[in-house]
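If you scroll down you'll find the structure; I have some questions about it.
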Amino acid sequence: MASVAISSALAFVMLLVVGVYLVAGNLVNGVGGGAKSLAKGSVPAAYATLVQKWGNLCPAISPALLAAQLYQESGFNPRAQSHAAAQGIAQFIPGTWASHGIDGDGDGDRDVWDPKDAIPSAASYDCELASYVKKVGGNPTENMLAAYNAGAYAVIKYGGVPPYSETRNYVKRITTLSESFAAPVGRVDPSEQAAAAIEYAQKKLGTPYLWGGTGTAEQGGRFDCSGLTQAAYETVGIKLPRVANDQYNAGPHPSRDELLPGDLVFFSDDLTNSRAIRHVGIYVGGGYMIDAPRTGAVIRFDPIDTPDYFGATRVTEDGAKALPTTV
């Protein structure tokens with residue numbers, strides 16, 4: 001009886017997967033751009049108001065772009081410190097902080113470790129750089145990011161983003177990453193890799209869960225939740241981060257009624273903070289996902305409409321590549 005139910009479910013899934021390709025071919029120019037609002041929970045609640053406010057400080061930045069920079073720099077960790085002495089949530093080095101740090105909360109001091117000063121200072125610094133290169137042709141946001149990475153002089157010298165691979169990669173990384181922090185203003189394009197990712201996950205149905213499992217031979221081919229999603233997308237050449245809360249930033253976020261097979265779906269006990277996400281699965285349609293639930297369970301179909309449902313991500317190759325390797 002159970003085998004009949006599983007066979008029926010798989011047939012249903014394959015019909016849904018075919019739909020991914022049909023939609024992918026029929027949707028043209030479906031990605032909305034220029035969103036000013038942050039996606040739900042993409043920035044921890046403690047900082048969301050600051051990012052939303054200061055991300056509109058000048059036309060060259062947006063809340064989503066500012067969020068992408070903070071995530072890239074520190075993973076929203078206000079106590080982060082690098083080997084190069086960069087400090088705080090925005091990773092200012094002491095010399096830059098001394099000349100560009102501002103008293104964002106008006107309490108009479110400039111504290112690099114206080115997000116209420118550091119986040120406004122990051123936005124202010126971005127806008128200052130944008131003003132230096134405002135007469136340069138091209139995209140003002142890309143020119144600002146290039147100035148951040150290579151210096152305003154290089155942008156002015158080359159009349160735009162300079163031909164340095166590091167700088168061009170930085171500009172692409174931040175602009176792409178910003179899409180995972182922006183609330184979509186139009187329908188999000190489906191991923192053509194989704195079908196293969198689902199097919200991989202289907203083949204793992206019934207496999208026992210293993211905490212920390214990534215499917216290696218030494219682990220008996222077992223997975224935890226994010227190990228399964230990582231392995232599924234790796235089969236189509238997309239390298240996702242290891243943990244679920246970083247996988248959330250691998251692309252834009254469709255709403256619940258826009259979900260398509262292959263979307264990653266996330267769950268959290270704190271629906272205001274993507275950094276608190278604790279579980280992920282692969283959506284297969286009809287309100288169900290394939291996931292590796294917990295110790296003692298097996299990879300299986302589970303419903304997604306539960307009180308801890310956080311949201312979804314439509315994985316893109318560029319989005320995954322843009323993610324920092326450590327946050």
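The values are calculated or read from the model by the stated rules, or taken from the named source; none is laboratory data. Just so it is clear, the model here is predicted, and its values are computed rather than measured. Ideal geometry is used to build each Cβ from the backbone, glycine not excepted, and the neighbour counts take in all protein chains shown. For the accessible areas, the whole protein counts, side chains as well, though only heavy atoms, and no ligand, DNA or RNA atoms are used. Shrake-Rupley method; radii C 1.70, N 1.55, O 1.52, S 1.80 Å.
What's the angle, to the nearest 10 degrees (0 to 90), between helix 165-178's Cα axis and the longest principal axis of the chain?
60
Right, another one. Over region 36-108, with every protein chain in place, what whole percent of the accessible area is carbon and sulfur at 1.4 Å, could you tell me?
Details: 1720 of 3130 Å².
Answer for region 36-108 is 55 percent, counting heavy atoms of protein chains only.
Which of the cysteines in the chain are isolated, no other cysteine C-beta under 4.7 Å?
C225
Then there's this: With a/c under 1.5 counting as rounded, go ahead and sort region 207-327 into rounded, prolate or oblate using the C-alpha gyration tensor (a ≥ b ≥ c being the square roots of the eigenvalues; past the cut-off, prolate if a/b is larger than b/c, else oblate).
Numbers: a/c = 1.44, a/b = 1.12, b/c = 1.28.
Rounded.
Can you pull out the trypsin sites (Lys or Arg not before Pro) in region 64-132 that DSSP calls coil and that have at most 15 other Cβ atoms within 10 Å?
Here the sparse-neighbourhood loop sites are R79.
Helix 115-132 versus the longest principal axis of the chain: what angle, 0 to 90°, nearest 10, using Cα atoms?
70
Which whole-angstrom value gives the distance between the alpha carbon centres of region 263-305 and region 170-207?
With region 263-305 and region 170-207 each reduced to a Cα centre, they are spaced 15 Å.
Next question. Can you give the accessible area per residue of the chain, in Å², using a 1.4 Å probe?
Numbers: 14580 Å² over 327 residues.
So the chain comes to 45 Å² accessible per residue, rounded to a whole number.
So what is the 222 nm mean residue ellipticity for the chain from helices alone, if each DSSP H run of at least 4 adds -39500 (n - 2.57) and you divide by all residues, rounding to the nearest 500 deg cm²/dmol?
Computed mean residue ellipticity for the chain: -12500 deg cm²/dmol.
Which of Y209, Y248, Y164 ends up with the largest GNM mean-square fluctuation for the chain, with Cα atoms connected below 10 Å?
Judging by the Gaussian network model, the answer is Y164.
Put +1 on the Cβ of each Lys and Arg and -1 on the Cβ of each Asp and Glu in the chain; which of Q219, A67, Q81 then has its Cα farthest toward the positive end of the dipole?
Q219
Quick one: ranking D109, D302 by accessible area, 1.4 Å probe, largest first, what do you get?
Details: D109 70, D302 25 Å².
Correct descending sequence by accessible area is D109, D302.
Rounded, prolate or oblate: which fits region 44-134 when a ≥ b ≥ c are the square roots of the eigenvalues of the alpha-carbon gyration tensor, with rounded for a/c under 1.5 and prolate only if a/b beats b/c?
Verdict is rounded for region 44-134.
Moving on to the next point. Share of antiparallel DSSP beta bridges in the chain, in percent to the nearest 5?
Details: 21 of 22 bridges.
Of all bridge pairs located within the chain, approximately 95 percent are antiparallel.
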